[in-house]
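Student: This is the structure I have questions about; it appears just below.
The values are calculated or read from the model by the stated rules, or taken from the named source; none is laboratory data. Just so it is clear, the model here is predicted, and its values are computed rather than measured. Here Cβ is always computed from backbone atoms with ideal geometry, including for glycine, and neighbour counts include all displayed protein chains. Just the protein is used for accessible areas: all its heavy atoms, side chains included, with ligands, DNA and RNA removed. Shrake-Rupley method; radii C 1.70, N 1.55, O 1.52, S 1.80 Å.
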Amino acid sequence: MSASNNIKKIDKYLLKGKLRRNGFEKIRYLFNGINKISGEQKTFFIEIYYVNPLISPSEPTIAQKSKLKLSSADDLQYALAGTDSALTVSQEVFVLPSYALLKAGYFGEGGKQFNKFYSASSLVWSKNDDAIKLDNCIFSHDSIVGSICVEENDLLEHAEYLCSAGKMDWNLHFEKNIMSNPLCNNKTNFWIPIGAKTVYAGIVHVDGQEYTVMPRNPAGYIDKSWGSKLPNPFFHLSSATLTSSITGHLLNKSCFAVEGEFDGRLSIFVSLEGKNYELSGNNLFDNYSEIHDWSSMPKDDDDEKLHWSVSIHKGNIVIDIDIFSVVKDMFIRDYEVPAGGKSLLKILAGSNGYGEIRIYKKTGKSIVLQEHATVSNALCEYGTIDDGEE
């Protein structure tokens, strides 16, 4: 199968086999837009999160919503009366999530996310459109069109939505300039930065404001993942805005993406002006070593910052990545885990990361610097699973 056919197959993949009862699939798009009036730039995201579709195909089932063990009207009366029987009756039923979630919003200080839950059967591959469809949203190999609306009353009645109120719509075309092969592909997880450098063009409206998305904006990103469990801890870095500190030139054909943990390791993709480094965190035969860390920086007079660091060694190549992000520009996105209950993967994320990447080559006993680039507009994410216990 050719590389282009393989990408098309991944584009239209929806959960199969056992993963339809115990699994997730996540597709996400990131891009930058400029406010038509103020000139302010925002980084937007649009995601589909598809989980356990065969558990409850006809209606969305959200595990965070409390469900009491009430089997009759008498049980309800016992619970309301506070009798001893209520101790058993009021216990919550263990729930497996099952739905297709549309998640959209923007990063930065005051960032927002909007969540709309649909029945799992609402998410389909449409042969006529050659695209994945969810309600009025269409996700094809080169465009995304759709909208989302969450009213204040929705949140008053449904605290389990875990999002902000607001409206957003989009009509975008895109081109994947740099694509990677799958970087994790095992029985537990699959991940591919399918558009590690993607240019978008179109219009976005959010809460009454219009944003123009142009190819000359900082490049965007697309990735896709699925599996039986979410990475924990979750670690991600990516950017396509690299400038050589050696030549001073913008590296137009460069980007990187890092994600994990997969069995304690990261999967890494670095593309440097046509030279690609692809390292699979789940392939024991991919002989490389890596060290990564996430930490809070000591507070000084500046804004509080977080630090992501990755150091990779493979053969005669060494790659070091250091990225910083300002805490006030970040917020948390929540994902219910396929295993259910009250557990949530809580991901702290921001899109204004900055720092540097260095690539060295070992020659004999010497280490020669091949490239040193500054990085900006980096997506920075770190998360862990909260089991919901008090």
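Student: Report the calculated FRET efficiency for VAL124 and SER311 (r = Cβ-Cβ distance, R0 = 35 Å), to the nearest 0.05.
Tutor: Efficiency at R0 = 35 Å is approximately 0.20.
Student: Which whole-Hz couplings ³J(HN,Hα) result when phi for each residue of region 314-323 is put into the Karplus expression 6.51 cos²θ - 1.76 cosθ + 1.60, θ = phi - 60°, listed in order with x for Gly and Pro?
Tutor: Result, rounded to whole Hz: 9, x, 9, 10, 10, 10, 10, 10, 10, 10.
Student: Separate question: Enumerate by residue number the trypsin sites (Lys or Arg not before Pro) in region 315-390 meeting two conditions: DSSP loop (anything except H, G, I, E, B), and at most 11 other Cβ atoms within 10 Å of the site's Cβ.
Tutor: Loop-located and lightly packed - LYS365.
Student: Over the chain, with every protein chain in place, what whole percent of the accessible area is carbon and sulfur at 1.4 Å, could you tell me?
Tutor: Accessible surface attributable to carbon and sulfur in the chain totals 50 percent.
Student: Hey, another quick one. Using the crude model of +1 on Lys and Arg Cβ and -1 on Asp and Glu Cβ, and no other charge, please compute the dipole size for the chain relative to its Cα centre, in debye to 20.
Tutor: Once rounded to the nearest 20, the dipole reads 1720 debye.
Student: Tell me what the chain gives for mean residue ellipticity at 222 nm when only DSSP H runs of n ≥ 4 count, each as -39,500 (n - 2.57), the sum divided by the residue total, rounded to 500 deg cm²/dmol.
Tutor: -2000 deg cm²/dmol
Student: From the Cα gyration tensor of region 312-390, with a ≥ b ≥ c the square roots of its eigenvalues, which class applies: rounded if a/c is under 1.5, or else prolate if a/b is larger than b/c, or else oblate?
Tutor: oblate
Student: What list of ³J(HN,Hα) couplings, whole Hz, do you get for region 268-275 from phi and the Karplus terms 6.51, -1.76, 1.60, once you set θ to phi - 60° and write x for glycine and proline?
Tutor: Each residue's phi maps through the Karplus curve to give 9, 10, 10, 10, 10, 6, x, 9 Hz.
Student: For a test of the definition: using alpha carbon positions, the gyration tensor, and the 1.5 limit on a/c, classify region 248-390 as rounded, prolate or oblate.
Tutor: Since a/c reaches 1.5 but b/c is at least a/b, the shape of region 248-390 is classed as oblate.
Student: In the structure displayed, which of LYS187/LYS362; LYS116/LYS328; LYS224/LYS328; LYS18/LYS116; LYS197/LYS346; LYS36/LYS224 lie more than 32 Å apart, Cα to Cα?
Tutor: Cα-Cα > 32 Å for LYS187/LYS362; rest within.
Student: For region 185-246, what class follows from the C-alpha gyration tensor (a ≥ b ≥ c being the square roots of its eigenvalues): rounded when a/c is under 1.5, otherwise prolate if a/b is larger than b/c, else oblate?
Tutor: oblate
Student: Under a 1.4 Å probe, what is the accessible area of the chain per residue, stated in Å²?
Tutor: About 47 Å² of surface per residue is accessible.
Student: Report the residues of region 354-383 in range of a label on ASP303: point 7 Å along Cα→C-beta, backbone N strictly under 18 Å from it.
Tutor: 354-356, 375-382
Student: Would you please name the trypsin sites (Lys or Arg not before Pro) within region 197-278 that are DSSP coil residues with at most 12 other C-beta atoms within 10 Å of their C-beta?
Tutor: Loop-located and lightly packed - ARG216.
Student: I would also like to ask the following. Ordered by packing density, taken as the mean number of other Cβ atoms within 10 Å over each peptide's residues, highest first, how do 149-158, 95-104 rank?
Tutor: 95-104, 149-158
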